[in-house]
Amino acid sequence: MKFNRRHFLKTAGVTAAGILTSQLPLSTANAVQQKPANQHTVMGLIAPKMDIVRVGFIGVGQRGSGHVKHFCHLEGVEIKAICDTDAKVLDKSIEFVEFQGLAKPARYTGNEDAYKDLLSRNDIDIVIISTPWEWHAPMAIDTMESGKHAFVEVPLALTVEECWQIVDTAERTQKNCMMMENVNYGRDELMVLNMVRQGLFGELLHGEAAYIHELRWQMKEIDSKTGSWRTHWHTKRNGNLYPTHGLGPVSQYMNINRGDRFDYLTSMSSPALGRALYAEREFPKDHERNQLNYINGDMNTSLIKTVNGRTIMVQHDTTTPRPYSRHNLIQGTNGVFAGFPNRIAVEQGGSGNFHQWDMDMENWYAKYDHPLWLQMGKEAERNGGHGGMDFLMLWRMVYCLRNGEPLDQDVYDGAAWSVVNILSEESVNNRSNSVDFPDFTRGAWKTGKPLGIVGA
Ligand SMILES: NC(=O)c1ccc[n+]([C@@H]2O[C@H](COP(=O)([O-])OP(=O)(O)OC[C@H]3O[C@@H](n4cnc5c(N)ncnc54)[C@H](O)[C@@H]3O)[C@@H](O)[C@H]2O)c1
């Protein structure tokens, strides 16, 4: 992939933390294409087995506090420390841990760099990062530099440069950097992966993925919580702001970075109307929400072509009034599965009538439920978090770390799925001309092993 200088100029310095991208001389951008001699691939990386996984948390707002709760119910873990700039949410999480009868975690707060003090501890193995988007890359990099494995909320990074820096840091330090794409652990997504692996759909041709989730109401979160920072992204970028939830599972079905990879993308955005209309309706005329210039098209649609010729449609819409959907569609030569609502049509291996959707999933679950779900699904549902997928993801991370197995998602996956955010913006701003994906694996995708159907 050729480095696009114009793109670098546009995206450099976009992060609030800023430092990482803005201080880079332009020449290093070309250098990232060559793997420096002191780096080795982290594809299939197996960290030395951990008897107990000692964990630190950075960011325990709406999402991170849920992760803390789940960790309190996981075996073989110790919560060592928690950091948040907001002392109120920090204390709530610390109190929750104590209330479970567990040791009180150390407390880090006071300024936005307090997380670095948490990272300087030598009794932490992994760090769970659930902060606003602009913090993900700097915190992940600092985590790995401090000798710990990074587990980062979605998306992994906000610029192409940040993606490369994260990949390079993981390869140099030989640490895991997993973007925690929880949707890969949903019952339906796991079942479809199992169906794909068993060849039910034949040769895969096309996938569809989306994050369609009406979130205008978050604009009412002014001083804290998700909407206090996420709303502003609608004034900064016009593209797919949040591509990974739908794309993660479709990428795993298609063996992206493990035999295939994203080649190029083209993207279009609809007009951006809904947020301004909502602000006009819901806030006083002189309110800050009515002064913002919302530029992100209400519906963004991107098309990805893979090197092996497959196609993927990815959509983003957190603004229009409509039911939630991640699409989750996979089409092969023998048939199709689609989600939201679940339906399936196959030529061989079903009723034979592929002109009609089969909407009854029970028989399909009975035959194709993923072994991981069969084993852990009940407990996952009991613990909750998006129908159990959150708990199952965290459980599986801990299982892999304790049993010396590679994680199901690696740094290359996180980078490839997240970079759609940036490339879609570039394509939208350039009359939907196609934009090449960087190959973050530097060729290792050709020999990468497809994700197996794992059980524990
Ligand atoms: N995977 C999912 O299903 C899912 C769901 C919701 C949110 N998320 C992701 O989780 C992340 C957090 O979202 P949220 O909804 O919890 O937002 P939030 O605003 O509720 O929480 C973010 C927390 O980070 C803290 N913070 C900010 N800067 C910090 C710093 N420098 N040091 C320490 N703490 C800092 C804030 O005080 C806040 O408590 C986002 O990346 C979001 O995309 C993922």
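Taking θ as phi - 60° and the Karplus parameters 6.51, -1.76 and 1.60, the scalar couplings of the stretch 308-320 work out to 7, x, 6, 10, 9, 9, 10, 10, 9, 7, 10, 10, 7 Hz in sequence order, x denoting glycine and proline. Among the lysines, which have Cα under 21 Å from the Cα of LYS446 when same-chain residues fewer than 8 positions away are ignored? Once the sequence-local lysines are set aside, what remains near LYS446 is LYS2, LYS35, LYS305.
Taking a ≥ b ≥ c as the square roots of the eigenvalues of the Cα gyration tensor, an a/c ratio below 1.5 marks the chain as rounded.
The convex hull of the Cα atoms of the stretch 308-436, projected and averaged over all directions, covers 11.7 nm².
Within the chain, what whole-number % of the accessible surface is contributed by carbon and sulfur, with the 1.4 Å probe and all protein chains included in the calculation? Heavy-atom surface of the chain belonging to carbon and sulfur, 1.4 Å probe: 49 percent. Give me the net charge for the shell around ARG310: Cβ to Cβ below 13 angstrom, other residues only, Lys and Arg +1, Asp and Glu -1. So the environment of ARG310 carries a net charge of -2. If amide H atoms are built 1.01 Å from N in the plane of the peptide, which residues on other chains or at least 5 residues away come under 5 Å of the amide H of VAL77? Amide H neighbours of VAL77, under 5 Å, 5+ apart: VAL53. For the stretch 260-369, the alpha-carbon coordinates run over 61, 34, 24 Å along the three principal axes, in decreasing order. Bridging of LYS104 to lysines at a Cα separation below 22 Å is possible for LYS69, LYS80, LYS88, LYS92, LYS116, LYS148, once same-chain residues fewer than 8 apart are set aside.
Working note: Karplus 6.51/-1.76/1.60 with θ = phi - 60° gives the stretch 143-149 the couplings 4, 5, 4, 7, x, 10, 7 Hz, where Gly and Pro are set to x.
In order along the stretch 112-121, phi translates into HN-Hα couplings of 6, 9, 4, 4, 5, 5, 4, 5, 7, 5 Hz, rounded to whole numbers, per the Karplus curve 6.51 cos²θ - 1.76 cosθ + 1.60 with θ = phi - 60° and x for Gly and Pro.
For the chain, the solvent-accessible area works out to 41 Å² per residue, with a probe of 1.4 Å and every protein chain left in place.
Dividing the helix sum by the residues of the chain, where each DSSP H run of 4 or more adds -39500 (n - 2.57), gives a mean residue ellipticity at 222 nm of -10500 deg cm²/dmol. Which whole-number percentage describes the relative contact order of the stretch 333-456, with Cα contacts under 8 Å and a sequence gap of 6 or more? Across the stretch 333-456, relative contact order equals 16 percent. Can you give me the Cα centroid spacing of the stretch 253-283 and the stretch 422-440 in angstrom? Going from one Cα centre to the other spans 12 Å.
All other residues whose Cβ lies under 11 angstrom from that of TRP395 are scored, Lys and Arg at +1 and Asp and Glu at -1, for a net of -1. Backbone amide hydrogens, once placed in the peptide plane, bring ASN257 within less than 5 Å of PHE262, excluding anything fewer than 5 places away on its chain. Scanning the chain for trypsin sites (Lys or Arg not before Pro) that sit in a DSSP loop and have at most 14 other Cβ atoms within 10 Å, the longest stretch containing none of them is 50-235.
The values are calculated or read from the model by the stated rules, or taken from the named source; none is laboratory data. The structure presented is a predicted model; accordingly, all values stated were derived computationally and were not measured. For neighbour counting, all protein chains shown are included, and Cβ atoms are generated from backbone atoms with ideal geometry for every residue, glycine included. Ligands, DNA and RNA are excluded from the accessible area calculation, which covers all protein heavy atoms including side chains. Shrake-Rupley method; radii C 1.70, N 1.55, O 1.52, S 1.80 Å.
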